[in-house]
1. Give the calculated FRET efficiency between Val230 and Gln209 to the nearest 0.05, with a Förster radius of 22 Å applied to their Cβ-Cβ distance.
2. Can you list the residues, at least 5 places off or on another chain, whose amide H is less than 5 Å from the amide H of Ile385, using H built in the peptide plane?
3. What size of dipole, in debye to the nearest 20, comes out for the chain about its Cα centre when the only charges are +1 on Lys and Arg C-beta atoms and -1 on Asp and Glu C-beta atoms?
4. Just to check I understand the Karplus step: with θ = phi - 60° and J = 6.51 cos²θ - 1.76 cosθ + 1.60, what whole-Hz values come out for the range 339-352, glycine and proline as x?
5. With unit charges on the beta carbons (Lys and Arg positive, Asp and Glu negative) and the dipole taken about the Cα centre of the chain, which residue among Tyr329, Pro365, Pro208 sits farthest to the positive side?
6. Using the Cβ atoms and a cut-off under 11 Å, what net charge is assigned to the surroundings of Ala309, where Lys and Arg are +1 and Asp and Glu are -1?
7. What does the charge count near Gly130 come to, summing +1 for each Lys or Arg and -1 for each Asp or Glu among other residues with Cβ under 11 Å from its Cβ?
8. Using helices alone, I'd like the mean residue ellipticity at 222 nm for the chain: each DSSP H run of four-plus residues gives -39500 (n - 2.57), total over residue count, nearest 500.
Amino acid sequence: MFDRGSNIVQHSEKGAAAVLEHTTFQDRPLKLLHWFCRLAAALVLLWAGSPEAAETVDVRMAYLAYQPPAPPSYEIDPTPEDEGLAGGSLAVRDNNTTGAFTGQHYSLVEAWLAENEDPVAKARTLVEEGIRVLIVNLPASELLAVADALKDQSALVFNVGATDDRLRGSDCRKNVLHVAPSRAMLTDALAQFLAFRRWSRVFLVTGPQAGDRLYADAMKRSARKLGLSVVAERPWEFGPLARAKADAPTTAEALVFTRDVDYQVLVVADEAGDFGDYLPYRTWQPLIVAGTQGLTATTWHPTLEAWGAAQAQNRFRRMANRPMRPLDYQTWMAVRAVGEAITQGAGADPADIGRMILDPQFGLPAYKGVSVSFRSWDHQLRQPILVVQPRFLVSVAPENGFLHQRTPLDTLGIDEPESECRM
């Protein structure tokens, strides 16, 4: 087999020389690319016959999340049943492309939870079955319960859904890596954009849910950090108008809700999407709506095309038959982080993977123009955050001029000196 591979390589070298001799200068780049592809294929044949090629390491992961409920018939943008999982499936394909050369085979097990099913018991079962890398999309309290249950099991937990700042602060865990952005990162990205445009007077409208209040708290912290002024703050008390099929009797009251406030941007805190989409174009003054609806901050958006993102968008659409959503991207990043850590020298053991990922030299391509990495003090993935409107990319944070002694990415979210995380 070695002799056969050697002959193939020699033949390819002679062919490349012949191409250079018999083609014009303009044609040479394409011809050379063709011959280099043939040479690469020959090297694959050579490697496939080596003893090492027979030793393939299985890297098994699991996606742990509640099964999304079936959407109501009138939902305009229903949550896909494979949201998150589809991004992980694409990442497994990407990992296996490299793994074919480096001796690993990656797989992602679906671990859907039924309503009221215990996620801790499910996680323990997965670990007992030999799956010790869990990609988790659960609320903060349940994520913590899973992490605590597995703290002595040599298991690695990736948080791809929970944005709670406390998970990166007082409730941080050593065995958890956060790919989902924190609320502080999202509100800092939005506040940077507003400060950059000098839209400094903010009217904050907060919904009744616990997540709404946490988002509002994060926004007020970002406003103080970046010199914005929250000139007014009011609770939303008109119900879920954005989900109503037709106008409700409270429409007239909601229309005058923003009257007599001197502001430039209305920031809405409505993580459940109950009323935030009702507010644009219904404010008393013709002013901007931002926050959880309107102009928003997110990790991914279908209109991102720069830095190779268009290629990722197309590959995902061909696989899933829909656009990639933020949860898909975050799950993709988690699975890719495992593959990249192993490619860069970590073993398949979760402890080795975790150490490699937290190494200051570790970097992960992210289709955002820069290599991204994890913060050692709170295990948060530092990454650019997109500022978008529903059908267009508006900006990318960090904005120009926001500097940091380590990396501008650390201007987003809780920085090390102010972190409450103690591993």
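1. 0.65
2. Ala397
3. Values: 42 positive and 51 negative charges, 237 e Å.
Charge dipole, the chain, about its Cα centre: 1140 debye, nearest 20.
4. Coupling constants for the range 339-352: x, 5, 4, 5, 4, 7, x, 6, x, 7, 5, x, 5, 5 Hz.
5. Farthest along the dipole direction, towards plus: Pro365.
6. Values: positive: Arg315, Lys368; negative: Glu305.
Within the 11 Å Cβ shell, the charges total +1.
7. Numbers: positive: Arg60, Arg132; negative: Asp58, Glu128, Glu129.
Within the 11 Å Cβ shell, the charges total -1.
8. Working: 11 runs with 156 residues, N = 423.
Rounded to the nearest 500, it is -12000 deg cm²/dmol.
The numbers here are math on the coordinates, done by the rules we state, and not lab data. In this text, all values refer to a predicted model and were calculated from it rather than measured experimentally. Glycine gets a Cβ as well: all are built from the backbone with ideal geometry, and neighbour counts include every protein chain shown.
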